[in-house]
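The values are calculated or read from the model by the stated rules, or taken from the named source; none is laboratory data. Small disclaimer: the values here were computed from a predicted structure and weren't measured. So basically every Cβ, Gly included, is an ideal-geometry build from the backbone, and we count neighbours across all protein chains shown.
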Amino acid sequence: MFRKQTKNITDLFNNLQSDLTTSKAYHSFRKSSKEVTEFYLTDEQHERLKHMKHIKRSMYLFGWILRAMFQKLSPARQIMFIIGIVFLVRVQASFGGRNSVSLDFNAIFGGGLLVLVILLELKDKLLAHDELEAGRKIQESLMPERMPKVKGWNLWLYTRSANEVCGDLVDFLKSDSERFSIVMADVAGKGLHAALITAKLQATIRALAGEIHSLPELIGKINSIVHRDSPSHIFSSLIYAECSEQNGTITFVNAGHFPALIVRGSTTKECVKGDAALGLARTITFTEQRADLNAGDRFILYSDGLTEAKNETGEFFGKDRLINLLSTVSGTPEQIGAAILRDVDRFIGTSTPFDDLSIIIAQKL
């Protein structure tokens, strides 16, 4: 009887533990904890933690995060934080000997200062979030239609940001009655600085696209502007493709971007690598490439946020997994794009997206 009750209690505990570790709250906590450590700790600190035992690792982890957080506060808030901690320490020391009035005052004052620091930091975060949200809405207003209507083609253009604003560019331009252009660019880095450079790059492309008809000359001019106006450590990859509405001919220039993919039935062909990325040198010679699509063939562009998406173990989604997927899916570009996104999201699981993700699929009808 006793053994049976003990077994029931053990089973109940194991079931409860299993429910906790598989619950959304648990995964949310793990994800939040991982984001905190990735933000506050350096690569060297992460490496040192791997070689520590559990208790020592926990102590160092807490200390490093607390120190990094303290260093990110303004000087005035650092002083407030120290005073708050001092008063809370005095509260702990007062147990067993001090009167309750002094104890309550110390607790209220010390805790109040710490809460004030948190409120000020939260206020700054909310203000920054509102500004980034406004920037995101402006970016969305500059985006082309997801499925532009073009004679003889079926198009799907998609991008999503890893943060509030996006450093990838996906664009559609109507050249004339017989041609249209699709553009994909990826500015080095992510976040606000990448988004600002992306907006300038889009404006530059749209301003020059109707004035210069030679693709290598057009991209060369764009490169000289990017090199002149961007910080020295910032560069951008770009594919600019011009498509004919009369047939399946695509002429394009690849400036440091992933090679385009051409899917014909269950076979996927990777185009040749392109030239140097924009901004690396003032003068770069770009080469024009050409692809001829038959009815049903698909021309696919993607950013590194797709193939370099990582799961919880640090494994990349990879180009091979993408190519294998493209050989098995069919349908419209929108349906194929949705299948790619489902597979990527399933692969990364609860991991936080590391980079912006963009896809363009152009199918000849």
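Taking F286, is it over 20 Å from F252 (Cβ atoms) and either modelled with pLDDT of 95 or more or under 24 Å from the mean Cα position of the chain (by Cα) (or both)?
no
Count, please, the residues in region 254-286 that happen to be polar (S, T, N, Q) and within 22 Å of L169 (Cβ to Cβ).
Qualifying residue count, region 254-286: 1.
So which pairs qualify, if the first residue must be in region 319-345 and in the same structural domain as K149 (by TED's automatic domain parsing) and closer than 15 Å to I262 by Cα, the second must be surrounded by fewer than 14 Cβ atoms within 10 Å (Cβ to Cβ) and at pLDDT below 95, the Cβ gap must be under 7 Å, and the two must be at least 6 apart or on different chains?
S327/S266
Taking the condition of being within 26 Å of the chain's Cα centre (by Cα) and surrounded by fewer than 19 Cβ atoms within 10 Å (Cβ to Cβ), how many residues in region 231-249 meet it?
To start, the set of residues in region 231-249 that are within 26 Å of the chain's Cα centre (by Cα) comprises 231-241.
So of that shortlist, the ones also surrounded by fewer than 19 Cβ atoms within 10 Å (Cβ to Cβ) come out as 231-234.
Result for region 231-249: 4.
Working carefully through the options V165, V150, V170, find the one that is at pLDDT 85 or above, in contact with a Leu (Cβ under 7 Å, 6 or more places away or on another chain) and β-branched (V, I, T).
None of the other options fit; the residue is V170.
Take region 35-86 and flag every residue that is more than 27 Å from N163 (Cβ to Cβ), of a type in the set (A, V, I, L, M, F, W, C) and not in a helix (DSSP H, G or I).
Within region 35-86, just M52 meets the criteria.
Just checking: which of the strands (runs of 3 or more DSSP E) contained wholly in region 262-365 hold 2 or more residues that are among the β-branched types (V, I, T)? First the steps, then the outcome.
Values: elements: 267-270, 288-292, 298-302, 357-364.
Ranges flagged: 267-270, 357-364.
Only one of A188, A241, A194 is under 22 Å from V150 (Cα atoms) and out of contact with any His (no Cβ under 6 Å at 6 or more places or on another chain). Can you tell me which?
Result: A241 is the single residue among A188, A241, A194 that is under 22 Å from V150 (Cα atoms) and out of contact with any His (no Cβ under 6 Å at 6 or more places or on another chain).
Filter region 272-308 for residues that are closer than 17 Å to H257 by Cβ and in contact with a helix residue (DSSP H, G or I) (Cβ under 6 Å, 6 or more places away or on another chain); which is surrounded by the fewest Cβ atoms within 10 Å (Cβ to Cβ)?
The selected residue is E288.
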